[in-house]
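The block underneath contains the structure these notes are about, expressed in structure tokens.
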Amino acid sequence: MKHILKFSSFLLIGSILLTSCKKDNTVMVDEISSETLAQIASHGFETDDVRKVNEGYIVEGDIVLTPEFLSQNPATGASLLRIANDEQYRTTNLVTALPRTITISVEGTLTGLAVWSNATDAFINRYNALGLQITLQRVSSGGNVKIVGFNEPASGGFITLGSAGFPSGGNPYHEIKMNTNAQAYGTNPNQGYITSVLQHEMGHCIGFRHTDYFSRSSCGKRKQNEGTAGVGAILIPGTPSGFDNESFMLACSAGTDRTFNSNDVIALGHLY
Ligand SMILES: [Zn+2]
């Protein structure tokens, strides 16, 4: 999940200059082969902002695509769940063998820090309150999903708040990374805000893409529709109408404690 710092033209110019001075960034972009970019595009992701990381590649700000994921056949339109016409929940792989319990721990540098621990309990409670076929359960260490810290300052006007990947082999993605840099959440992080980011990253871990993947409107961009949107989509009749701009799976955060909206609840209930 990215957080827009500011979108003034001044900052945009500043970020362009900043990028051109940073040779490290250029090298990282150059390292991504055209073959890999083609694979990323074939799975329906943006290729204009791809970053190489240890686990694979980060796209759309916070989604980790592993080499294993990229080597799979791209999902077809049937993986698209569209609600209320405008709000689209695009899933790739899902967690299977339901009902099941997914265990979650807070590890590494985040261990013992009250705000991360409390936010973890809070987001777990939000999922469990929906009565889904997946139940989240906190464990003291290990487990199916580990929440760990990383430290990375803002770059190009954006800061990465956290990252996660998609399920594989019917199991949830194994890790949520959260940025401990003070530029992400400040020196005294707000528990509700962290709760909402963890809730969002957990959404990726169980297969959710960004609700606004087709437009990235939450990031202040207006992208072209992918063109395939709606083809083979699972449409749920009788769902709320009108666009609700507060989905927990919007690509960019407004810096608030965003939780499930009514459409998110329908989508989660449909899939799990
Ligand atoms: Zn995300």
Worksheet item: Of the residues that make up segment 41-50, is at least one closer than 30 Å to VAL265 by Cβ, modelled with pLDDT of 65 or more, open to solvent by less than 20 Å² (accessible area, probe 1.4 Å) and β-branched (Val, Ile, Thr)?
Response: no
Discussion item. Just to be sure before I move on: is ASN118 in contact with a helix residue (DSSP H, G or I) (Cβ under 6 Å, 6 or more places away or on another chain) and polar (S, T, N, Q) in the structure I sent?
Written reply: yes
Worksheet item: Would segment 139-151 turn up any residue that is within 16 Å of the ligand (Cβ to nearest atom), part of a loop (DSSP other than H, G, I, E, B) and within 22 Å of PHE248 (Cβ to Cβ)?
Response: no
Practice prompt. Restricting attention to segment 114-137, report how many residues are free of Cβ contacts under 8 Å to residues at least 60 places away in the same chain and either in a helix (DSSP H, G or I) or in contact with a strand residue (DSSP E or B) (Cβ under 6 Å, 6 or more places away or on another chain) (or both).
Written response: 8
Practice prompt. Within segment 157-210, track down each residue that is outside any loop (DSSP other than H, G, I, E, B) and without any contact (Cβ under 8 Å) to a residue 12 or more places away in the chain.
Written response: ALA182
Fill in: Cβ-Cβ under 7 Å pairs, at least 6 apart or on other chains, segment 58-75 side more than 23 Å from HIS200 (Cβ to Cβ), far side part of a strand (DSSP E or B) and at pLDDT 90 or above
PRO67/GLY56
Worksheet, complete the sentence: Within segment 60-113, the residues that are among the hydroxyl-bearing types (Ser, Thr, Tyr), at pLDDT below 90, open to solvent by 20 Å² or more (accessible area, probe 1.4 Å) and not in a helix (DSSP H, G or I) are THR76, THR92
Worksheet item: How many of the residues in segment 180-239 are modelled with pLDDT of 60 or more, within 16 Å of the ligand (Cβ to nearest atom) and under 18 Å from GLU87 (Cβ atoms)?
Response: 20
Worksheet item: In the list GLU87, GLU60, GLU55, GLU68, which residue meets the criterion of being of a type in the set (Asp, Glu), touching a helix residue (DSSP H, G or I) at 6+ places or on another chain (Cβ under 8 Å) and either within 16 Å of the ligand (Cβ to nearest atom) or farther than 29 Å from ASN263 by Cα (or both)?
Response: GLU87
Worksheet entry | Among residues of segment 166-207, those that are among the aromatic types (Phe, Trp, Tyr) and in contact with a strand residue (DSSP E or B) (Cβ under 7 Å, 6 or more places away or on another chain), counted | 1
Discussion item. Just to verify a result, which residue in segment 123-154, among those that are polar (S, T, N, Q) and touching a Pro at 6+ places or on another chain (Cβ under 9 Å), is surrounded by the most Cβ atoms within 10 Å (Cβ to Cβ)?
Written reply: ASN144
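The values are calculated or read from the model by the stated rules, or taken from the named source; none is laboratory data. All values reported here derive from a predicted model rather than from experimental measurement. Neighbour counts run over all protein chains shown; Cβ positions are idealised from the backbone, glycine included. These area figures cover heavy atoms from the full protein model, side chains too; ligands, DNA and RNA do not enter into them. Shrake-Rupley method; radii C 1.70, N 1.55, O 1.52, S 1.80 Å.
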